[in-house]
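Down below is the structure, laid out as structure tokens.
The values are calculated or read from the model by the stated rules, or taken from the named source; none is laboratory data. What you see is a predicted model; the values in this text were computed from it and never measured. Reconstructed Cβ throughout: ideal geometry from the backbone, glycine too, with neighbour counts over all protein chains shown.
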Amino acid sequence: MLDAVQQFIKKVFHDMFRKKRHVKLGLYGPPNGGKTTLANRICKDWIGEEMGKVSPIEHETREIQIKEHISIKSGHRELSFNLIDTPGIATKIDYENFMKKGIPIKEAKKRAKEATKGVIEAIKWLDEVDVVIVVLDVSKDPYSQVNITIIGNLQARDIPVLLVANKIDLRKADVKKVQAAFPQYDVIGISAKKGTNMDQLYEALFVLTA
């Protein structure tokens, strides 16, 4: 009888703990994968405001951005987190690429310098996050050096990971390629821009942090 009571008490406390947790949730991925678009979608869904500026030009986000105390709910479950939007990870940042997009040379060099610093900061923040969503553009080849580097860093740190195959609304989108490239992780196909499959993403977060 005593064992049964102890088991019941243990279950109650376990369920209470699972209903609400607070974690640091990092968004990682290559430039222009849609990290900030996803951050904006999450923030709009749950707190009614956007988080950052998006641009078709890569490396728009060049500093760590944090939105604190976001809570998502599903039934009796609640997950509270600080959302950390990181600069796009790149192995090489060339100011001339910005000039090709019409940015003047002085601003292009400044942007490249800031973007390089942002990549370093993003990697440092891997020591701070509890859970990571890797955001990939599903219309592009997932077998890139940048993607492999990101995944390798996360595996080395044993950080729980959810892979998000973003931009499924694009014609060349192929979620199966992402699944084949990284079979060790769950992959959710979404469109952060249109809000497609966001319920699946939120449910996956509850599972990942359980």
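Residues checked against (1) within 23 Å of ALA192 (Cβ to Cβ); (2) in contact with a helix residue (DSSP H, G or I) (Cβ under 7 Å, 6 or more places away or on another chain):
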| position | (1), (2) |
| --- | --- |
| LYS67 | yes, yes |
| THR86 | yes, yes |
| ILE89 | yes, yes |
| ILE93 | no, yes |
| GLU107 | no, no |
| ALA122 | yes, no |
| ASP137 | yes, no |
| LYS140 | yes, no |
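So, in region 67-86, how many residues would count as being within 17 Å of ARG41 (Cα to Cα) and surrounded by 14 or more Cβ atoms within 10 Å (Cβ to Cβ)? Residues that pass the stated criteria total 12. Check whether at least one residue in region 146-166 is modelled with pLDDT of 95 or more and either hydroxyl-bearing (Ser, Thr, Tyr) or touching a Lys or Arg at 6+ places or on another chain (Cβ under 7 Å) (or both), and report yes or no. The answer is no, given that none of the residues of region 146-166 is modelled with pLDDT of 95 or more and either hydroxyl-bearing (Ser, Thr, Tyr) or touching a Lys or Arg at 6+ places or on another chain (Cβ under 7 Å) (or both). Of the residues making up region 19-58, those that are over 14 Å from SER71 (Cα atoms) and assigned to a strand (DSSP E or B) number 3. Touching a Gly at 6+ places or on another chain (Cβ under 8 Å), buried (at least 18 other Cβ atoms within 10 Å of the Cβ) and closer than 20 Å to TYR28 by Cβ: is that true of VAL135 in this structure? Yes: the conditions hold for VAL135. Looking at region 75-89, which of its residues are part of a loop (DSSP other than H, G, I, E, B) and farther than 19 Å from LEU126 by Cβ? Selection gives GLY75, HIS76. Taking each residue of region 37-63 that is in contact (Cβ under 8 Å) with a residue 12 or more places away in the chain and looking for partners that are exposed (fewer than 14 other Cβ atoms within 10 Å of the Cβ) and acidic (Asp, Glu) with beta-carbon atoms closer than 7 Å, six or more apart or interchain, yields CYS43/GLU49. Please find, among GLY48, GLY26, GLY33, GLY52, the residue that is crowded, with 23+ Cβ neighbours inside 10 Å, of a type outside the set (D, E, K, R) and more than 16 Å from LEU205 (Cα to Cα). Matching residue, one of GLY48, GLY26, GLY33, GLY52: GLY33.
Scanning region 190-202 for residues that are farther than 20 Å from GLY88 by Cβ and either at pLDDT below 95 or of a type in the set (Gly, Ala, Ser) (or both) yields a single hit, GLY195.
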